[in-house]
1. If you add up the charges near C:R191, with Lys and Arg at +1 and Asp and Glu at -1, over every other residue whose beta carbon is less than 15 angstrom from its beta carbon, what do you get?
2. Report the Rg/Rh value for region C:248-302, based on alpha-carbon coordinates and the Kirkwood definition of Rh.
3. In a solvent-free Debye calculation with one equal scatterer on each Cα, what is log10 I(q)/I(0) for region C:195-308 at q = 0.10, 0.12 Å⁻¹, listed in the order of the q values?
4. Of the residues A:L84, A:L237, A:L70, which exhibits the maximal mean-square fluctuation in a Gaussian network model of chain A defined by a 10 Å Cα contact cut-off?
5. Based solely on its DSSP helices, what 222 nm [θ] is calculated for chain C when runs of n ≥ 4 H residues each add -39,500 (n - 2.57) and the sum is averaged over all residues, nearest 500 deg cm²/dmol?
6. In whole Å, what three semi-axes, largest first, describe the equivalent ellipsoid of region B:172-272 built from its Cα gyration tensor (square root of 5 times each eigenvalue)?
7. Please quote Rg/Rh for region B:108-181 to two decimal places, taking the Kirkwood radius as Rh and restricting both calculations to Cα atoms.
8. How much net charge surrounds A:L72 when only other residues with a Cβ under 11 Å from its Cβ are counted (Lys, Arg +1; Asp, Glu -1)?
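Derivation of every value follows stated rules applied to the coordinates shown; laboratory data play no part. Please read all numbers here as calculations on a predicted model, not as lab measurements. Here the Cβ is made from the backbone with ideal geometry for all residues, glycine too, and neighbour counts use every protein chain on show.
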Amino acid sequence: MTAAAPTRRLALPDPFRSMDRKRREKVLLVGVLILAVVYPLVFRALESAFPFVPWPGTSVLIICATFAILALGLNIVMGFAGLLDLGYVAFYAIGAYATAFLASPHFGIHISWWIVVLIAVAAAAGAGILLGAPTLKLRGDYLAIVTLGFGEIVRIVFRNLGDFTLALPAFLGGAVLIGPHANLTGGNVGINPIDPPTIPIPGPWGNEIVFSNQNATASFYLVAVLLIITFFVCMRLRDSKLGRAWMAIREDETAAAAMGINTVTTKLLAFSLGASFSGFAGAFTGAYQTAIFAESFNFAVSILIVVIIILGGIGSLRGVVIGAFAVQYVNQTLLRFLGEKILNDPVNALGDATGIALLGDFNLVNYNYLIFGIVLAIMMIRRPEGLFPVETAKAELHGVGISSDSTAGTPDELAMAEEAAPEIPKDTR
Amino acid sequence: MTAPSTTTAVPTQAGDLLVATDCTKRFGGLVAVSDVNFTIPRGGIVSLIGPNGAGKTTFFNMITGLYIPTEGTITFDGAELTGLKPHEVVRLGVARTFQNIRLFGNMSAEENVLVGLHHRLKGRWFGAILRPPSIKREEAEAHDRAMELLKLVGLDTRSQTLARNLPYGDQRRLEIARALATQPKLLLLDEPTAGMNPEETRRLTDFVRQLRDQFGLTVLLIEHDMKVVMGISDRVTVLDHGEKIAEGSPAEVRADTKVIEAYLGRGAAGAG
Amino acid sequence: MEELVKALTIGLANGLIIALIAIGYTLVYGILELINFAHADVFMLGTAFTYFFLEAIVVGLGVPTSSLTALLLIFAALPLIMVFTATINASIERVAYRPLRNAPRLAPLISAIGMSFVLQNLGLVILGPSQKAVEPVLPKTDLAFFPSGTAWFGVDEIMVVAITIPLLLVLRWFVGSTRQGKAMRATAQDREASGLMGIDVNRTISLTFLIAGALAGAAGLVVALYYGQTWFQFGFQFGLLSFTAAVLGGIGNLTGATLGGLVIGMIGAMSDRFLEAKWTSVLVFSILILVLVFRPTGILSEKVSERA
């Protein structure tokens, strides 16, 4: 690395002030990993020791981690390449159904999950190419609608193919081709059970480790590993030639093309790679839950992932991971806790007193999408770069003051940094 | 002084890098460029001038593939250029800068130049994820090349600064560095000295000459600054209302009555 | 044959409703280039308001159903509900879209999605998760019959026509002939130039949202009466149909939205009757995708934009 201006330190609270950036990140990472390993084991103890704290259960953490994988995938599409995909849940569904088809009694096929997951990822990636090829040329808002449509079509098709008949029309003879009442996907009821992943290591848990919702701790470790893999791959992609190409397209597509980037194939790669992570998460979810049904893969899920990305920081890897944990923690645990322990009773009492049914039946948990909707609007208006935006990370990593960007430090810090740096000559030729 | 005849096409020579024949661009009823015949000799510096709205940038855009000519053809170094997509045009060896600087604002100076190197790098997406030694080497070489180019334009000490935070003059130079990264044979500069003071302009002009002399680049310039045009060009072509109205050496064009009229209006020619 | 005509009649009635909602999408898109995601949820609130209003007058005040009083009260409710939904729509613009007037195009779209979810959640908490039956204030009488004796159409269909067609005509007159209508068209063409010509752009945009919201409210009343129910998911269901109609007719084009509405209404009715209702959404979504991919300017529109 060329030694440029000396690294300008941003004023930070102790005890990190003494460490440099890279070490600090390593320490944080190790801390998080230790927490991840230990927490599921001590969770129950914590819960009984401190019952007034909304501890997230291990199954909630599994949902958080799953959505972190989904968010990282959508981040490639939205954050790196700048494409708005409102039907991202479709690839999640495809991954889950692929797993259900190939590892369950439904069709009687029982391929090991460790192989099925690769097939699921490939299926999702393929679907991404199928969807993207004709549609990526569309303008941003039109693309959003088309992807929304695709998400809905996938959901409805999976639901309807639980009971269908494919027949020639009456005037061609009316012969039945498939059916009647064929059941491909289990319809509304869905497919269950699904074979979960297993590792044949005997122990206190039995003959093998089964990663299903019967064993939340083991499943959490598995999804955490999947998350780490996802994060690592996304990091590599971001810092590569492809990552730069995506960012260039997001910044200015015309200029990117003028620099030799084939925007069509590059966008298609973003779409397809993003979709494959969604399939990845779907394969895990299907097997972990050992059951899936079509209605759970709906538009609200797609939007929830968008909320995560907008809140966490569009384009920022750790931003969207933090966002996923925060949003799903709120969605699954905190709202219920605040409702049951604090808000619901007084509001219900008020409702009973005044006769207003809305208050009388109030339960904070039912207002989750209202809250998320408001969050979306507020974020777009006040802080579209997210709570953990990319630029801060850049500023920190390279230590060069960003004169107009307020996230880099207070005016005093920047002034101090200016003084410390040597004069950069105007004419360097 | 009589103006050189422009009603016949300028005869092309074997040394011509770019040949545009009968190029026309219509947008619905509007004819932006009409029947333009144009060549750029290898190793030359050619300027394209004309009043605002004359069709200069439209012509640029036809060369770079942003627009498809309604009629006519363009060849580059023997290869057919007409109808190619912008990224294909770049791969043949044509690079450009933009009138209203189009840098990637939220990327650093170095990253901007690295994007310019994009099509010269071989890595694919799985290489990006796995990062075998060949990719690591390629990235390191790309980084070195980017720093070389930044040094050439005097921005190596600011390599990590976000492009949008660079001062205006530096942004223009970064755009040129980025275009150079694509390893072009022909460089199209769209009003490169717009907004610059005389000192910066002089330095840019020297730089363009250096690019031709030292690196063997051919340059096509759109310019409004007549000092630059007259000082640097081997040949000047004048467009007005989409048509070529004059072509020749700077001195010839400066004295051409049609050119004076186009800029200053009828009757001004008498004063020239 | 009779089946076909009956389906087409239902399709026509649905089509008029869809057209009313589609016009709201097209008006807003024309002036802001924004797909107002929350529009259909404003319509859904219109159905909810109708439900509460009718419950209040029938259950609360004891007005007998199928009476002249009931009929008159409906026509009194209409402007009331339209004002409600118009206000909600314009307020959303003021709060969630105006601050993003100069932001990149996707920002207000995401904000609109947020608003859509806010309204849907509101619908959920005030209506509950399942459909709610609306007081049947109109007599369920059939008025026309086929030669074979089966019913063709009745009071319901007349009601739909009686409310939607005058509104469509008034709208057409307003946008075409009044000064404010001209301001709307000018602002849709070129916002900056209109501002320079002295048009109060903010007020014109607010007016557009008021009108779109009012139409959505009227459609809400009609649907509550015609379908006899309200449901917090109505927005999503009708939104798809109406947005497809607007796109089909050429988004930004009023006549297109109307004709598109009729076409989608009939396609929907035919699909429900002769295919299977559970595949209708897939059909309509497919139409939407195909139009956007192959003819984004709509079937009615002449120009196809030039892309290099």
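1. Working: positive: C:R98, C:R101, C:R105, C:K182, C:R185, C:R203; negative: C:E33, C:E93, C:D190, C:E192, C:D200.
Cβ neighbours under 15 Å give a net charge of +1.
2. Working: Rg = 11.7 Å, Rh = 11.5 Å.
Rounded to two decimals, Rg over Rh is 1.01.
3. -0.39, -0.54
4. A:L237
5. Only helices count here, giving -24000 deg cm²/dmol.
6. Working from the Cα gyration tensor, I get semi-axes of 28, 14, 12 Å.
7. 1.03
8. Net charge around A:L72: +2.
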